[in-house]
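Heads up: the structure comes next, in structure tokens.
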Amino acid sequence: MTTAVEPRRRLGVTVHPGLVRHGGVLAVLLIIGTFTALRSDVFLTGPNLLNVSRQIAVVAVLAAGLTLLMTAGGIDFSLGAIAAVTHGVTAQLITAGAADWLAVTLAVGLGALIGLVNGTVVTLFRVTPFVATLASSTILSGAALLIIEGQSISIGEHLAGLGFGEVFGVIPALVVIAVVVCLAIGCVMRWTAFGRNAFAIGGNERAARLSGIPVVRTKLLLYTLGGLLAGLGGVMLVARLGAASPGTGGLHLELTVVAAVVIGGTALHGGSGTLVGTILGVLLLGVVANSLNLLQINPYYQDIALGAVLMVAAVANHLRSRRH
Amino acid sequence: MDLTLRGRAEPAQPPAHTSVALELRGVRKSFGGAVALRDVGFTLLAGEVHALVGMNGAGKSTLVKIISGAYPPDGGELLIAGRRHGALTPRRARALGVSIVHQQRMLVPELTVGENLFLGRMPLRLGRVDWNRVHTDAARLLAELGVEVASRTTAGELGPAEQTLVEIARETHAGGEVLILDEPTATLGGSDAARVHRLVRTLGARGVAVVYISHHLDEVLDLADRVTVLRDGRHVTTVPTDRMDLPELVRAMTGDRLPQGRPDTGRTLGEVVLELDDLTAGTRLDGMDVTVRAGEVVAVLGCAGDGQSQLFPLLSGLRRPTRGRIKVAGREVRPGSVTAALGAGLRCVTGERLVHGLVPELGVDENLALTERGLHRPWLVRWGRLHRAGGAARTRFGVVTIQADPPVSTLSGGNQQKVLLARWLDSGAVACLLEEPTNGVDIAAKADIHRLVDDLAARGTAVLLASADVDEVLRLAGRVVVVRAGRTVADLPTGQVSRDELVALSVGGTPS
Ligand SMILES: Nc1ncnc2c1ncn2[C@@H]1O[C@H](COP(=O)(O)OP(=O)(O)OP(=O)(O)O)[C@@H](O)[C@H]1O
Ligand SMILES: [Mg+2]
């Protein structure tokens with residue numbers, strides 16, 4: 001997406017560069033999908049697919065923000081924790097009697113604010129993003145538990161339209177939101193100066209700065225945008241589950257999001273990344289988790305599978321970048 | 001043209017008594033369908049200094065990367081010490097005695113020279129690093145090679161010439177019979193380059209075969225025993241340097257494209273545009289005063305790494321001066337601010353294109369558009385317009401690529417340099433700092449770039465040139481400020497000094 005415009009010819013066949021780039025993930029996705037479909041009758045049924053799509057919608061929203069951020073050479077380990085906080089805040093506001101739209105707006109705004117704070121620590125105080133966001137992730141995990149006082153807080157029928165509603169009677173509203181977010185971020189990465197500046201900063205920050213590109217402002221915006229989308233993710237979580245509870249969001253969500261982005265081929269050191277890759281990564285992880293469920297494999301293997309997929313993807317990305 | 005034929009018909013056969021250290025036969029290499037080397041043959045004799053020359057993008061770096069195992073060839077044979085080898089890796093090439101010093105310095109700046117020399121194979125005693133031996137061995141190795149550098153200095157404190165020497169020493173210590181040097185003197189001035197030459201001669205005398213890539217043709221004719229010329233990925237000729245002179249070599253490299261020098265015409269100078277007033281950066285630049293008028297080219301000359309290398313960080317706004325002022329068109333530029341420098345119309349072109357200049361993973365056209373985007377800060381990127389503007393700039397600056405819009409990192413060194421200049425010089429400069437503008441550029445491109453700088457001045461831009469290259473200073477500048485150990489030692493019109501006087505001034509003679 002970043003550079004090659006013409007298709008590359010190999011073995012006499014014209015192959016689209018996107019296909020070359022994402023061929024590996026796509027192949028693994030198809031293999032696992034086919035395998036699961038053969039072994040389980042439930043996999044390809046409507047209700048199961050709807051369920052999977054609702055689950056991965058949240059991951060996709062967070063991963064879209066992280067893709068843009070990582071392209072600029074940043075990283076945010078607190079996205080999962082931000083989602084945990086905002087899902088608690090939404091539930092508390094609603095039970096306290098706030099209107100749905102107000103609760104949602106405040107929660108999303110809070111996410112953006114936390115992102116801005118992360119960005120400030122990283123850019124103005126020059127703390128390594130890894131350390132800064134790990135610290136805020138820890139703080140926020142504690143705060144998330146405090147907010148819901150360690151208990152489940154039900155929101156009843158509130159936000160049901162968001163969590164279970166469907167557009168045109170088939171597409172879950174959550175999926176629509178995820179698609180809109182992904183399309184928007186994809187356009188930002190391709191067509192806006194802000195998005196292209198993220199590539200330039202990730203590729204060579206000094207060169208970008210010397211060209212007059214507003215590096216600090218861009219980074220602040222990127223962290224804010226990441227936080228905002230994580231806040232939205234938190235709202236989507238509480239809408240889907242109908243309650244805020246301890247252990248929702250947090251570290252597991254965070255790791256899934258980071259893994260999806262890395263599997264999608266975004267470089268950890270910045271400078272390159274595509275949203276298509278990230279979406280494939282999100283789909284792959286969603287399908288793997290679902291397949292382990294359906295095939296009734298011991299849930300402890302879930303984390304092992306997540307880690308293994310991540311490891312393989314990281315090695316494959318490394319080999320691919322070395323070939324050039 | 002007939003030279004090509006002579007080269008083909010009568011390849012300089014190695015004399016029977018010298019052994020062949022390394023041989024390539026019919027080597028081919030392409031990148032994504034674009035051919036970088038076609039059917040190249042190359043023979044390296046033990047103990048010879050073999051220069052490899054050619055224009056930017058001719059395939060020199062690609063050839064030595066194949067020899068050192070960084071790229072696998074698409075076809076052809078590679079023989080080392082008479083044995084055929086299939087796919088080499090850098091590690092295997094090293095084990096076979098082939099080592100390479102890349103153009104970018106690769107020492108670990110925080111470690112001492114001794115540690116750098118023995119990195120990965122420190123002498124041990126009782127399982128611990130024997131520090132005394134590290135430094136005595138290092139001192140002995142450096143003394144044997146005639147490199148005057150103390151083993152206990154940290155590598156970061158060394159000047160560029162010394163870093164190059166230490167790297168060469170490290171590679172030879174590994175015991176290689178074949179040493180490849182990719183443009184070792186590209187960034188070095190006269191006396192520093194001479195130190196590298198001495199070391200190369202020492203190594204040649206010891207029986208090490210040296211492949212020496214350079215765009216400095218005088219140096220090549222002086223230093224090398226034989227020279228191989230590549231053009232557009234083809235082997236043109238291999239001849240002993242004593243059967244070759246400069247014009248002949250240039251013709252072999254360029255084919256029909258002859259580089260043309262332009263006689264310096266008198267320039268009319270305007271108002272003072274750029275003023276450096278008592279500019280100081282720690283101990284490395286001490287109280288520099290320079291004024292540059294519109295349409296004037298003023299050079300600041302010093303040995304590699306001397307005071308002139310401080311100008312880029314100061315003028316571009318990367319670093320704040322400890323003392324002194326920078327003024328553009330009579331107005332002081334806020335110190336330490338990139339935006340203020342750009343806003344004042346100051347354009348600074350770095351000599352380290354990959355560190356401060358280009359974004360390697362992005363395409364050529366987007367790199368070309370970066371300064372515009374930084375200056376005007378639009379909301380949207382118009383790709384169609386961007387590619388059209390990029391195409392026009394490439395034609396104007398003679399950037400040659402074999403693919404449509406490849407990542408800038410895949411361009412040859414000289415073409416990267418042209419992209420960098422195109423990006424900065426096209427953006428409405430009032431005053432301009434050029435740091436080593438022809439670093440790693442072939443002679444034709446060098447002439448092009450010189451002409452571009454002439455035009456830039458003719459359009460009324462004040463040009464400040466920071467350079468370690470005396471010939472370039474004499475070619476381009478109307479006035480030269482010589483710095484030594486950070487101090488200004490002379491400020492003269494170039495018409496009044498000879499080349500030798502300038503060299504003497506910059507290394508420590510007295511002004512005549
Ligand atoms: N990794 C790569 N991918 C694509 N093209 C490449 C790659 N490396 C080199 N090329 C192309 O191959 C050609 C030969 O490049 P090479 O670096 O060998 O030139 P060179 O003779 O060393 O030039 P210079 O004097 O400018 O350093 C160039 O056109 C370059 O753009
Ligand atoms: Mg080269």
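The values are calculated or read from the model by the stated rules, or taken from the named source; none is laboratory data. Quick caveat: nothing in here was measured; it's all calculated off a predicted structure. So basically every Cβ, Gly included, is an ideal-geometry build from the backbone, and we count neighbours across all protein chains shown. These area figures cover heavy atoms from the full protein model, side chains too; ligands, DNA and RNA do not enter into them. Shrake-Rupley method; radii C 1.70, N 1.55, O 1.52, S 1.80 Å.
Within the full protein context, the accessible area of B:T237 is estimated at about 0 Å² for a probe radius of 1.4 Å. Here the relative contact order of chain B, from alpha carbon pairs under 8 Å that lie six or more residues apart, stands at 16 percent. For A:F125 and A:A305, the difference between the fully extended length at 0.36 nm per residue and the C-alpha to C-alpha distance is 61.1 nm. Dividing the mean sequence gap of close Cα pairs (under 8 Å, 6+ apart) by how many residues region A:48-249 holds gives a relative contact order of 45 percent. Counting only other chain Cβ atoms within 10 Å of each residue's Cβ, the peptide A:191-201 averages 5. Shape analysis of region B:272-507 places it in the prolate category; the axes a ≥ b ≥ c from the Cα gyration tensor give an a/c of at least 1.5, with a/b above b/c.
The aspartates and glutamates within cross-link reach of B:K60, meaning a Cα-to-Cα straight distance under 14 Å and a gap of 8 or more places when in the same chain, are B:D39, B:D182, B:E183, B:D232, B:D442.
Adding -39500 (n - 2.57) for every DSSP H run of four residues or longer, then dividing by how many residues chain A holds, sets the calculated 222 nm ellipticity at -24500 deg cm²/dmol.
Placing +1 on each Lys and Arg Cβ and -1 on each Asp and Glu Cβ, with no other charges, gives chain B a dipole about its Cα centre of roughly 1300 debye.
Provide B:M106, B:M122 ordered by accessible surface of protein heavy atoms (probe 1.4 Å), highest first.
Details: B:M106 100, B:M122 45 Å².
Highest to lowest solvent-accessible surface, that is B:M106, B:M122.
At the residue level, A:F35 shows approximately 110 square angstrom of accessible surface with a 1.4 angstrom probe and all protein chains present. Here the Karplus relation 6.51 cos²θ - 1.76 cosθ + 1.60, evaluated at θ = phi - 60°, turns the backbone of region A:74-90 into coupling constants of x, 7, 9, 8, 9, 4, x, 5, 4, 4, 4, 4, 6, 6, x, 4, 4 Hz, with x for every Gly and Pro.
Distance from the Cα centroid of region A:139-187 to that of region B:269-308 is 61 Å (rounded to whole angstrom). Under a 5 Å amide H cut-off, with hydrogens placed 1.01 Å from N, B:V49 pairs with B:V210, B:D225, B:R226 among residues at least 5 apart or on other chains. Overall, region A:174-281 carries a charge dipole of about 300 debye about its Cα centre when +1 sits on the Cβ of Lys and Arg and -1 on the Cβ of Asp and Glu, all other atoms neutral. Taking label positions 7 Å along the Cα-Cβ direction at both B:T339 and B:S19, the computed distance is 6.6 nm, reported to one decimal.
Partner lysines whose Cα lies under 18 Å from the Cα of B:K65, excluding those fewer than 8 positions away in the same chain, are identified as B:K29.
Note on A:R320/B:T89: beta-carbon distance plugged into 1/(1 + (r/R0)^6) with R0 of 22 Å gives a FRET efficiency of 0.80. For the set A:R126, B:R394, the ranking by accessible area, highest first and with no ligand, DNA or RNA atoms included, is A:R126, B:R394 under a 1.4 Å probe. If you run the Gaussian network model on chain A, springs between alpha carbon atoms under 10 Å, then out of A:A313, A:A81, A:A135 the most flexible one is A:A135.
Each part reduced to its alpha carbon centroid, region B:139-215 and region A:249-319 end up 47 Å apart. Between 0 and 90 degrees, the angle of helix B:131-144 with respect to the longest Cα principal axis of chain B falls at about 90 degrees. Backbone amide hydrogens, once placed in the peptide plane, bring B:C348 within less than 5 Å of B:L433, excluding anything fewer than 5 places away on its chain.
Remark: spin-label model distance B:E271-B:R451 equals 3.2 nm, labels positioned 7 Å along the Cα→Cβ axis.
The modelled label-to-label distance between B:A485 and B:A392, using points 7 Å beyond Cα along the C-beta direction, is 5.2 nm. Ranked from largest to smallest solvent-accessible area, with a 1.4 Å probe on the protein heavy atoms, B:H216, B:H356, B:H50 come out as B:H216, B:H356, B:H50.
Inside 10 Å of the C-beta atoms of B:378-387, what's the mean count of C-beta atoms belonging to other chains?
Averaged over the peptide's residues, the number is 3.
Accessible surface for A:H269 stands near 130 Å², nearest 10, in the context of the full protein assembly shown (1.4 Å probe).
Working note: Karplus 6.51/-1.76/1.60 with θ = phi - 60° gives region B:153-165 the couplings 6, 7, 4, x, 7, 6, x, x, 5, 5, 4, 4, 4 Hz, where Gly and Pro are set to x.
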